[in-house]
Every structure is written in structure tokens, then in C-alpha cells.
Amino acid sequence: MEAHKKVRQHTGWHRLIKERYLWLMALPGIVYFLLYKYIPMLGIVIAFKKYIPSKGFLKSDWVGLDNFQRIFDSPEIGRYFMNTVIISFYQIVFAFTVPIVIAILLNELKFEFFKKIVQTLLYLPHFLSWVVVAGIFYLLFQSDGQVNHLLASWGMQPINILSNEDNFRGMLVLQVIWKESGWGTIIYLAALTGIDPELYEAAKIDGAGRLRQIVHVTLPGIRSTIIILFILRLGTVLDVGFEQVYLMLNSTVSEVGEVLDTYVYRMGVVNGNFSFTTAVGLLKGIVGMILIVGANKIARTFGEKGVY
């Protein structure tokens, strides 16, 4: 047994030395996740304390589950939770599916030069910050913005998007689609290159047109990629983008636009209620973990690989 252990240890060190350059390449990513993802998780202890900055983590008084009880007793949390879920549901239904459609359409283009131009134009908005995106939308859609000026010149009534509760959630989803859909196609385009061209040839021989080829060859070929990305998206179902919502939010749409992220910012950073907002963030993480584990188990039950 001891000899077997020594052989395994020797093999492990030999493999580590052999793959040292790969580990060196991965080292910046490992350090990043340790410093900014895992070590900050120690701050979760604040959720179980009455945290006072002057006392610090260790000396602040324990309150047990009182902060979590406050969450369920708060009359505002229910509304913010529903706003978050509704906006996230819209994003999953529309913003998640649009990159799939765009990737399939790009894959159908035969002229490589035109295809690259379209891809570049679709990727560009991803590199704009949400501050710039919000500024563009304000300039275009405010009451005296360019869109309303154009409508007035055509003799049409102006539209109210930025301060209309009925339009606000749809506007947020449209922003995400415009900004991130092109970037989201990269993974799907990579998955499409892995489909065997002979499958398309066989489908043509069987008389399948382009639409039937997409349905019976293309979509099954990227199904596993779609499922994995969908599972990962479920893990962030309660994260709808703080920066975007915060920049577009105003008093007239707060009833439908205030989400958990903006509520945490207002209560935690502005009002200094760190323990309560940490408890909210911890619950969000737990919900995301449950959704990922459950969706992954369902996917594996139906024969898919899943995330793990």
C-alpha cells in the first residue's frame, strides 16, 4: 500500500512538472478567482452578525438568522423579487435565444467577407460600457430626444419609453439584446464548426431543404452547448445587471424597475445596512446554486452531459 502511494505521488509530481507551462498559463486566472471570488466569500459571516465597521468582522455581535427573518418580513422584498424574476424571465426567453438565431443565420451565409463584416458590427456593442449605452438611449428616447423629433416631423405622436412602466422592462431586454447578442454568438458559432458536414450532405440526399437541415442537423448539433449555457444562465437568474438597471431607473418606473441588486445597493451602500444586504446576497447565491444543481440533474437524466 505504501509503495502504491509513493508511486501515485511520484506520478502526480512528474505530471505537474511535465505540465508546468500549462499551470503557469492558468496561474493568473487561478489567482484572480482566489482573490476576487473565493477569499471575499469569508465576508458571508456578516449575514449572521450585526456588523459595525468600527468593530470589524470578529467583534461584531452575532444575531443568528435575524437578518434572514427580516428579509421574509420585509414588505418590499416581495415586489423587488418579482421584478427581478420577471425581467430575468424576459431575458432568458428573448436575450438568451437571439444569439442562437443569429449564429444559425451567420452560419448560413456563404460570402465569408460579408459574414465577417456582419460579425464585427454585431460584436462592437459588447465593448461599450453600460454608461455609454444608457447615454445613447437617453439621447434617443427622452421626451425631446431624436426619436421624438423624428416622429414629430412625420406628424406622429411622441412616445414615452424612459418613464413608462409598461415599456421599461421591454427596453431593458432590448438593450441586452442589442449589446450582448453579437458577443453571445461566438460560442454557438464555434459549436457549429464541430458539426460533421456529411450530415448536411446526407440530409440533402434525403430531400431536406435549408429549414429542415437547421431543424434536424444544426440544432441537434449544438443542443449540448445550448443546454450547458442555459444551466449556467439559470445560476444568475436573480442577477439582471445592476449597472444597467441603476442607470436607467427613475422614480416613475421604480415600481416595476427596482430589482434586488439596486435594493441591495440602496440598503447596503447608501444606508450602511451591510448585514441585511449580505443576507439578501447570500440567499440569491443559494437560489442560483439550487437552480444549477437541479437543472444539471434534469439534463443528465435526459442523457445530456450537463455542466458537471
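On the given criteria, is residue 172 surrounded by 15 or more Cβ atoms within 10 Å (Cβ to Cβ), assigned to a loop (DSSP other than H, G, I, E, B), out of contact with any Asp or Glu (no Cβ under 8 Å at 6 or more places or on another chain) and touching a residue at least 60 places away in the same chain (Cβ under 8 Å)? Lay out the reasoning, then the answer.
Values: surrounded by 15 or more Cβ atoms within 10 Å (Cβ to Cβ): yes; assigned to a loop (DSSP other than H, G, I, E, B): no; out of contact with any Asp or Glu (no Cβ under 8 Å at 6 or more places or on another chain): yes; touching a residue at least 60 places away in the same chain (Cβ under 8 Å): yes.
The answer is no for residue 172.
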ask   = Does residue 266 satisfy being of a type outside the set (Val, Ile, Thr), free of Cβ contacts under 8 Å to residues at least 40 places away in the same chain and open to solvent by 40 Å² or more (accessible area, probe 1.4 Å)?
value = yes
query = Do you know which residues across the range 235-245 are at pLDDT below 90 and open to solvent by less than 60 Å² (accessible area, probe 1.4 Å)?
reply = 235, 236, 237, 238, 240, 241
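State which residue is nearest to the chain's Cα centre (by Cα) when the search covers only the range 145-169 and only residues that are under 26 Å from residue 96 (Cβ atoms) and open to solvent by 20 Å² or more (accessible area, probe 1.4 Å).
Just the residues of the range 145-169 that are under 26 Å from residue 96 (Cβ atoms), to begin with: 161-162, 164-169.
Then keep just the ones that are open to solvent by 20 Å² or more (accessible area, probe 1.4 Å); that gives 161, 164-167, 169.
On the way: 161: 24, 164: 25, 165: 24, 166: 24, 167: 22, 169: 16 Å.
Among those residues, the one meeting the criterion is 169.
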inquiry  = Quick test of your reading of the structure: residue 135 fulfils all but one of (1) under 18 Å from the mean Cα position of the chain (by Cα); (2) surrounded by fewer than 17 Cβ atoms within 10 Å (Cβ to Cβ). Name the failing condition by number.
reply    = (1)
task = Of the numbered conditions (1) at pLDDT below 90; (2) surrounded by 17 or more Cβ atoms within 10 Å (Cβ to Cβ), residue 222 fails exactly one; give the number of that condition.
result = (1)
Of all residues in the range 175-194 being open to solvent by 20 Å² or more (accessible area, probe 1.4 Å) and of a type in the set (Val, Ile, Thr), the one that is nearest to residue 134 (Cα to Cα) = 176
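The values are calculated or read from the model by the stated rules, or taken from the named source; none is laboratory data. No experiment lies behind these values; they were computed from the predicted model shown. Virtual Cβ from ideal backbone geometry, glycine too; neighbours counted across all protein chains shown. The accessibility values were calculated without ligands, DNA or RNA, using every heavy atom of the protein model including side chains. Shrake-Rupley method; radii C 1.70, N 1.55, O 1.52, S 1.80 Å.
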